[in-house]
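Asks: I'd like to ask you about the structure that follows.
The values are calculated or read from the model by the stated rules, or taken from the named source; none is laboratory data. Everything numeric in this text was worked out from a predicted model, so none of it was measured. Cβ placement follows ideal geometry from the backbone for every residue including glycine, while neighbour counts extend to all protein chains displayed. Accessible surface is based on the protein model in full, side chains and every heavy atom, while ligands, DNA and RNA are left aside. Shrake-Rupley method; radii C 1.70, N 1.55, O 1.52, S 1.80 Å.
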Amino acid sequence: MTSATPLQNDRYLRAALRQPVDYTPVWMMRQAGRYLPEYRATRAQAGNFMALCQNPELACEVTLQPLRRYPLDAAILFSDILTVPDAMGLGLEFAQGEGPQFRKPVRSAADVAQLPTPDMATELRYVMDAVRTIRRELHGKVPLIGFCGSPWTIATYMVEGSGSKEYAHIKGLMYGEPKTLHALLDKLARVLTDYLNAQVAAGAQALMIFDTWGGVLSPAIYREFSLRYMQQILDGVKRENDGRRVPVSLFTKGGGAWLDVMAETGCDMLGVDWTTDLADARARVQGKVALQGNLDPGVLYGTPERIREEVARMLASYGHGSGHVANLGHGIHQFVSPEKAGVFVEAVHELSRQYHV
Ligand code: CP3
């Protein structure tokens, strides 16, 4: 039974809840990914990226790969935010080197009305099986983070049909047919609440909502079309399991200006990208939430000495006391050398003890 296995390293959970720790815990967004040769080998074995996500044993294997290399304080489920719209019948494809594409984008009120609600126990069962398999194989070493995309971020892919620079279709809906977009976001928020609750039931010990594209909105529109639906998820997600609080983090990339309103949602932790100083972020959230971040992933192209200097600057910027989970400000790049990632992780552990005495 997973619930009977005691957690050996709970620093991530403690820091996310602003409880004391002896050093700052660290993990890396996209820690399982193409910068690791062993990841590329397992993906080749699976055939392609979606086949890898859909194979619980191989998804477990790539989740654990970075933990074998580095003393990370958390594991994150290997999956993708786009598994959900795929299960809603949009037909996801990852063409090599081209990013995600949907065969059937959602463009009209009729498209939204016809979207099916996926069943967590069947269409998305492979995700829950991956969570159960990873929990079993982690043997309580570190906590497992489950995740989803924000309704807004997932909707951008569903409406555009792929990644976008201009967001012509979704902004067309937003400013032309806002009711249709609200109906889509509401539907997504309901499905994503079920999705996160199913991950918790399967064994996820913390949750993170990735709002990668919230930063392309103006402040009032961000609150109406992105934050409001993340709030809906937060209000519906189970916050305790197996007698322990399940911390929930929100991360809006480019959302540094809105940390104060984000801190009002009742989430436990906010992700911060590298365009915001942690000292400034900490002052703005007034002790309501923990902070996660925020090294520029590009720093990992630098020398080991320079990486250590930037880690020292990040830790000093947050300052004394708990409530910080160190991370990159966004996903690790595919061309970073694995050794440099190790320098980052070890520097956090080594240089952070002084802030926890
Ligand atoms: O962090 C982890 O190790 C867990 C796995 C994870 C992936 N995607 C694996 C992945 C997580 C948490 C995600 C979330 C995700 N997926 C986000 C939000 C976080 C962010 O990065 O902003 C978004 C926007 C997506 C959608 C997505 N998935 C895109 C745009 C792409 C293509 C771009 C790219 O980096 O190639 C993906 C593919 C993807 N998801 C890869 C990985 C490891 C690379 C695909 C491959 O192996 O070929």
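Asks: Taking region 35-47 as the search range and keeping residues that are loosely packed, with under 15 Cβ neighbours inside 10 Å and within 11 Å of the ligand (Cβ to nearest atom), which one is nearest to Lys253 (Cα to Cα)? Step through it out loud before you land on a result.
Replies: First, pick out the residues of region 35-47 that are loosely packed, with under 15 Cβ neighbours inside 10 Å: 37, 40-41, 44-45, 47.
So of that shortlist, the ones also within 11 Å of the ligand (Cβ to nearest atom) come out as 40, 44.
Details: Arg40: 27, Ala44: 30 Å.
The extreme case among them is Arg40.
Asks: Right, something else. Specify which of the listed residues (Val325, Val348, Val343) is β-branched (Val, Ile, Thr), in contact (Cβ under 8 Å) with a residue 24 or more places away in the chain and farther than 24 Å from Leu250 by Cβ. I'd like the intermediate steps shown before the answer.
Replies: Working: Val325 fails: farther than 24 Å from Leu250 by Cβ; Val348 fails: farther than 24 Å from Leu250 by Cβ.
After applying the criteria, what remains is Val343.
Asks: Residues to consider are Thr133, Thr122; find the one that is touching a Cys at 6+ places or on another chain (Cβ under 9 Å) and either of a type outside the set (Val, Ile, Thr) or at pLDDT 95 or above (or both).
Replies: Numbers: Thr122 fails: touching a Cys at 6+ places or on another chain (Cβ under 9 Å).
Step by step, each of Thr133, Thr122 is checked, and only Thr133 is touching a Cys at 6+ places or on another chain (Cβ under 9 Å) and either of a type outside the set (Val, Ile, Thr) or at pLDDT 95 or above (or both).
Asks: Which one is nearest to the ligand (Cβ to nearest atom) among residues in region 48-59 that are open to solvent by 10 Å² or more (accessible area, probe 1.4 Å) and farther than 23 Å from Arg190 by Cα?
Replies: Residues of region 48-59 open to solvent by 10 Å² or more (accessible area, probe 1.4 Å): 48-51, 54-58.
Now narrow it down to the ones that are farther than 23 Å from Arg190 by Cα: 48-51, 55-58.
Numbers: Asn48: 8, Phe49: 4, Met50: 9, Ala51: 11, Asn55: 13, Pro56: 14, Glu57: 16, Leu58: 12 Å.
My answer is Phe49.
Asks: Tell me, please, whether a residue that is crowded, with 17+ Cβ neighbours inside 10 Å and under 30 Å from Tyr126 (Cα atoms) can be found in region 235-244. Let's see the steps before the verdict.
Replies: Our first condition is that a residue be crowded, with 17+ Cβ neighbours inside 10 Å; within region 235-244, this holds for 237.
From what is left, the residues that are under 30 Å from Tyr126 (Cα atoms) are 237.
Yes, region 235-244 contains a residue that is crowded, with 17+ Cβ neighbours inside 10 Å and under 30 Å from Tyr126 (Cα atoms).
Asks: A further question on this structure: Any residue in region 115-123 that is over 29 Å from Tyr167 (Cα atoms) and within 21 Å of the chain's Cα centre (by Cα)?
Replies: yes
Asks: Whether any residue in region 217-232 is among the aromatic types (Phe, Trp, Tyr), within 27 Å of Gly140 (Cβ to Cβ) and either in contact (Cβ under 8 Å) with a residue 40 or more places away in the chain or more than 16 Å from the ligand (Cβ to nearest atom) (or both) is what I want to check. Write out each step before concluding.
Replies: Taking region 217-232 and keeping what is among the aromatic types (Phe, Trp, Tyr), we get 222, 225, 229.
In the following step, the residues that additionally are within 27 Å of Gly140 (Cβ to Cβ) were identified as none.
No, region 217-232 has no match at all.
Asks: Quickly run through region 6-28 and pick out the residues that are open to solvent by 10 Å² or more (accessible area, probe 1.4 Å) and under 20 Å from Ala204 (Cβ atoms). Spell out how you get there, then give the answer.
Replies: Initial filter on region 6-28 (open to solvent by 10 Å² or more (accessible area, probe 1.4 Å)): 6-11, 14, 17-23.
Answer for region 6-28, where residues must be open to solvent by 10 Å² or more (accessible area, probe 1.4 Å) and under 20 Å from Ala204 (Cβ atoms): Pro6, Leu7, Gln8, Asn9, Asp10, Arg11, Arg14, Leu17, Gln19.
Asks: Looking at (1) buried (at least 16 other Cβ atoms within 10 Å of the Cβ); (2) touching a residue at least 60 places away in the same chain (Cβ under 8 Å); (3) in a loop (DSSP other than H, G, I, E, B), find the lone condition where Ala32 falls short.
Replies: Among (1) buried (at least 16 other Cβ atoms within 10 Å of the Cβ); (2) touching a residue at least 60 places away in the same chain (Cβ under 8 Å); (3) in a loop (DSSP other than H, G, I, E, B), the lone unmet condition for Ala32 is (2).
Asks: Now for a separate question. Kindly list the number of the only condition in (1) open to solvent by 10 Å² or more (accessible area, probe 1.4 Å); (2) under 30 Å from Tyr355 (Cα atoms); (3) part of a loop (DSSP other than H, G, I, E, B) that fails for Leu64.
Replies: (3)
Asks: Could I ask something else about it? Taking region 196-221 on its own, how many of its residues are assigned to a helix (DSSP H, G or I) and either in contact with a helix residue (DSSP H, G or I) (Cβ under 6 Å, 6 or more places away or on another chain) or among the aliphatic types (A, V, I, L, M) (or both)?
Replies: 10
Asks: Another one. Return the pair list, or none, for Cβ contacts closer than 9 Å from residues in region 164-181 that are of a type in the set (A, V, I, L, M, F, W, C) and modelled with pLDDT under 95 to residues that are open to solvent by 80 Å² or more (accessible area, probe 1.4 Å) and in a helix (DSSP H, G or I), at least 6 apart or on different chains.
Replies: Note: no pairs meet the criteria.
Asks: Could you check Lys104 against (1) of a type in the set (D, E, K, R); (2) within 12 Å of the ligand (Cβ to nearest atom); (3) farther than 18 Å from Cys148 by Cβ; (4) assigned to a loop (DSSP other than H, G, I, E, B) and say which number it fails?
Replies: (2) is the only condition that Lys104 fails.
Asks: With the structure loaded, tell me whether Val62 is β-branched (Val, Ile, Thr), touching a residue at least 24 places away in the same chain (Cβ under 8 Å), within 23 Å of Val131 (Cα to Cα) and near the ligand (Cβ under 9 Å from one of its atoms) or whether it fails that test. Walk me through how you get there before you give the answer.
Replies: Values: β-branched (Val, Ile, Thr): yes; touching a residue at least 24 places away in the same chain (Cβ under 8 Å): yes; within 23 Å of Val131 (Cα to Cα): yes; near the ligand (Cβ under 9 Å from one of its atoms): yes.
So Val62 passes the test.
Asks: Let me ask you something else. List every residue pair whose Cβ atoms lie under 9 Å apart, where the two residues are 6 or more positions apart in sequence or sit on different chains, the first residue falls within region 272-298 and is in contact (Cβ under 8 Å) with a residue 40 or more places away in the chain and farther than 22 Å from Ala74 by Cβ, and the second residue, located anywhere, is open to solvent by 70 Å² or more (accessible area, probe 1.4 Å) and part of a loop (DSSP other than H, G, I, E, B).
Replies: Gly287/Arg18
Asks: Out of all the residues in region 33-58, which are aromatic (Phe, Trp, Tyr) and within 23 Å of Arg132 (Cβ to Cβ)?
Replies: Step one: list which residues in region 33-58 are aromatic (Phe, Trp, Tyr), which gives 35, 39, 49.
Tyr39, Phe49 - these are the residues of region 33-58 that are aromatic (Phe, Trp, Tyr) and within 23 Å of Arg132 (Cβ to Cβ).
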